[in-house]
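What follows is a single structure, written as structure tokens, with notes after it.
The values are calculated or read from the model by the stated rules, or taken from the named source; none is laboratory data. Computed from a predicted structure; not experimentally measured. Note: ideal-geometry Cβ built from the backbone for every residue, glycine included; neighbour counts use all protein chains shown. Accessible surface is based on the protein model in full, side chains and every heavy atom, while ligands, DNA and RNA are left aside. Shrake-Rupley method; radii C 1.70, N 1.55, O 1.52, S 1.80 Å.
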Amino acid sequence: MKKMIKLMIIGLLSLWTIIGFSLTIQNNQDFAHMLSSCDNSSSILLYKKLGEIGANFSGNNIVWIMVFIFVFIMIKKASEVKEKRVIVCALLLATIFSLFQIIGASIIYYLSIQVLFSYFLIAMIKWIGLIIGYSSFIILLFTKLANRKQEQKREISFFTSNKKSIVITTIIFLTAWLPYFLKEFPGITNYDSIYQLQQVFGIMPLTSWHPVIHTLLIKICMMIGNGLFHSVNAGVAIYSIFQMSLMATIFSFLLWYMAKKKMSFEIRVGTLLYFAFCPTIPLMSLMMGKDTIFAGLMILLLIVFIELMTNTENLLKSKKRILVSSVIILMTALFRNNAIHMLILTVPFIVLYKKGYRLKISALFVGSISAVLMIQFVITNLFYIPQTNEWNMPAGGEKFSVPIQQLIRVILDNEKTIAQEEKDEICKFFKTNHFYKGYNEVITDPVRDLFHYEYYLEHKMEFFKLYFRLFCKYPKSYWDAFLCMTSGYFDPEESRNSVIIGNFENDLGIQTETIWNSYLVNFVEKLIYVPNIPIISMIFNTAIGLWVILLLLTYTIYQKRYEISFVFLPIILYLFTICLGPLNAEYRYIFFEFTVLPILVGFTINQKNERKEREEKNG
């Protein structure tokens with residue numbers, strides 16, 4: 001009898017899960033009108049929404065029986081797991097994932113989270129259904145990983161931790177990427193690339209809005225191209241070849257490091273295939289932009305953090321390793337203006353955790369960060385480089401993007417109720433009183449150049465008082481503006497395919513001159529612009545990287561491998577800085593997530609179950 005009751009409960013949970021995943025919060029005018037004209041009791045809301053669910057898919061489709069059986073088996077197996085720690089970890093992560101999807105859905109269809117409160121019962125049905133499904137899957141995944149057996153496979157001589165392997169795998173990567181280079185010759189440019197090239201050619205003044213070191217790198221490549229071939233395209237091609245070679249070398253070094261750390265042969269082969277054949281890797285390696293090199297440097301930075309957390313003594317007692325680590329930290333911060341904020345926020349946590357090495361770790365990071373600030377100061381002052389862009393905003397001024405969007409959203413959402421005095425206070429910080437007419441929910445650029453930065457500098461305290469006062473009065477508008485600018489980074493359904501192909505329109509003479517139009521490369525590139533292809537579209541998704549990272553992080557916490565958990569800290573903190581950026585769901589901003597995934601996967605799941613071994617040892 002008990003067994004029968006349990007199976008019935010599992011059956012109901014399975015049905016709830018399917019409904020939760022199928023239920024949409026999509027704007028339906030007829031449905032909204034129907035709700036508004038009837039009694040808003042919970043039972044009527046539920047009844048009406050169930051009717052809408054039935055209209056959204058065919059319940060008579062045989063596919064749903066197959067889905068139900070799969071979900072039933074998954075939940076049944078998950079219910080047999082009795083370990084409290086894995087259940088708690090799975091529930092917490094499933095709750096986060098479910099919130100991501102529910103909030104994302106409300107932003108997709110309404111550009112606001114108000115619908116979650118208006119149709120609270122509907123949102124709760126979907127939320128709980130998602131939690132049941134995700135938590136069951138996570139429980140089974142974690143227990144499977146924790147109980148797997150690791151077997152040593154036969155190694156291949158050129159694929160071990162020897163220097164020869166770095167050369168061979170670098171050649172493999174470049175060979176695999178060659179068709180993309182020939183198709184996109186001389187390379188790929190975007191808006192930022194053209195702006196930096198305009199600085200290189202003296203059309204625009206050199207500024208530190210984009211990292212000066214990267215602009216100078218572009219200038220060197222363009223000088224070589226013009227000097228040897230008298231061609232702008234040749235300069236772009238030289239840059240592309242340099243960047244591809246650099247990324248291929250970094251990926252090869254990662255494989256060497258993984259072999260040195262006794263990573264399994266399967267994971268290293270998977271990493272090799274991933275970097276060689278995942279289409280976004282060569283496309284991003286061809287794109288002229290700071291984000292690509294930064295993504296490569298993030299791999300090296302994570303290796304520094306891994307060594308710092310797992311091999312602290314050997315790292316800090318070697319002058320050579322300290323020097324190399326300092327250079328990596330230095331270069332990472334120089335190639336991304338907001339990377340220094342990531343480092344400053346990360347260091348205190350590492351220092352607090354590593355009790356016996358606090359002074360040495362502090363010296364390593366303080367020295368490196370000080371060197372970054374000194375180099376930036378010397379370069380900008382020695383060469384009289386303004387620390388602003390063409391809109392007179394400072395380097396790192398993208399942090400104003402979200403506040404600008406929030407202030408505009410306050411005016412637009414509350415146009416009939418906002419006091420004229422408050423509106424006038426906001427207008428003081430913009431160059432025109434009609435600045436909000438160019439508002440776009442997902443990008444700041446149309447209104448950012450209207451921000452009156454000089455006035456802000458003279459009235460900083462007034463700005464902050466106004467900003468926080470309006471937040472207390474209009475919190476919904478603030479949250480809606482923020483989520484509209486960030487939802488593509490955490491909700492896979494909101495994610496946009498923003499991988500760039502070709503060259504941004506320009507008057508510099510840079511244009512695509514295809515040498516070999518590979519049918520396969522052409523087909524793959526077309527897939528980028530075809531949305532919602534199951535599995536394949538996830539390759540170009542701007543949110544899936546965060547989901548995998550959070551999944552791996554939670555697994556390290558479940559395994560009590562906190563030294564590896566801390567390695568995720570700079571990634572999470574850097575993602576927070578991206579959320580303050582000017583554009584929602586830009587793939588190049590989060591490209592680093594996909595370059596660091598192999599090393600995170602390797603150190604997360606390719607280790608013995610140390611927690612279980614400790615528990616068995618302690619009896």
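Candidate values (1) 82, 72, 57; (2) 98, 65, 46; (3) 95, 62, 48 were compared with Cα extents along the principal axes in Å computed on the shown model; the agreeing label is (1).
For region 488-590, chymotrypsin sites (Phe, Trp or Tyr not before Pro) are listed when DSSP marks them as loop and at most 14 other Cβ atoms sit within 10 Å of their Cβ; the list is TRP516, TYR529.
Taking every full run of DSSP H in the chain, the ones that stretch at least 27 Å from end to end by Cα along their long axis and average -1.0 or higher on the Kyte-Doolittle scale are 2-22, 84-110, 120-147, 163-184, 232-260, 290-310, 358-382.
Probing with 1.4 Å while keeping every protein chain in the model, the per residue accessible area of the chain equals 48 Å². Considering only alpha-carbon pairs that sit under 8 angstrom and 6 or more positions apart, the relative contact order computed for region 407-464 is 31 percent. Over all other residues within a Cβ to Cβ distance under 15 Å of LEU457, the charged ones net out to +1, with Lys and Arg as +1 and Asp and Glu as -1. Pairs of alpha carbons in region 515-615 separated by more than 22 Å make up 46% of all such pairs. Within a straight-line Cα-Cα reach of under 17 Å, LYS77 can be paired with the following lysines, leaving aside sequence neighbours fewer than 8 residues apart in one chain: LYS2, LYS3, LYS6, LYS144. A simple spin-label model places pseudo-atoms 7 Å from Cα toward Cβ; at ASN162 and ASN433 they are separated by 7.8 nm.
Shown here for region 491-574: trypsin sites (Lys or Arg not before Pro) in loop regions (DSSP other than H, G, I, E, B) with at most 15 other Cβ atoms within 10 Å, namely LYS560. The trypsin sites (Lys or Arg not before Pro) found in region 178-265 that occupy coil by DSSP, while having at most 15 further C-beta atoms within 10 Å, are LYS262. Taking a ≥ b ≥ c as the square roots of the Cα gyration tensor eigenvalues, with a/c under 1.5 meaning rounded and otherwise prolate when a/b beats b/c, else oblate, which class fits region 58-97? It is oblate, given that a/c is not under 1.5 and a/b is not larger than b/c. PRO582 sits among other residues whose Cβ lies under 12 Å from its own Cβ, and their net charge, with Lys and Arg +1 and Asp and Glu -1, is -3.
If R0 is 51 Å, the Cβ-Cβ spacing of TRP516 and THR95 corresponds to a FRET efficiency of close to 0.55. Equivalent-ellipsoid semi-axes for region 275-416 (Cα gyration tensor, √(5λ), whole Å, largest first): 33, 21, 19. The alpha carbon gyration tensor of region 229-345 gives principal lengths a ≥ b ≥ c with a/c of 1.5 or higher and a/b no greater than b/c, which makes the shape oblate. When both region 223-279 and region 446-466 are represented by their alpha-carbon centers, they are found 42 Å apart.
Need one word for region 478-550: rounded, prolate or oblate. Basis is the Cα gyration tensor (sqrt eigenvalues a ≥ b ≥ c); a/c below 1.5 gives rounded, then a/b vs b/c decides. All intermediate terms of the calculation are to be shown ahead of the outcome.
Working: a/c = 3.19, a/b = 1.56, b/c = 2.04.
Because a/c hits 1.5 or more and a/b fails to exceed b/c, region 478-550 counts as oblate.
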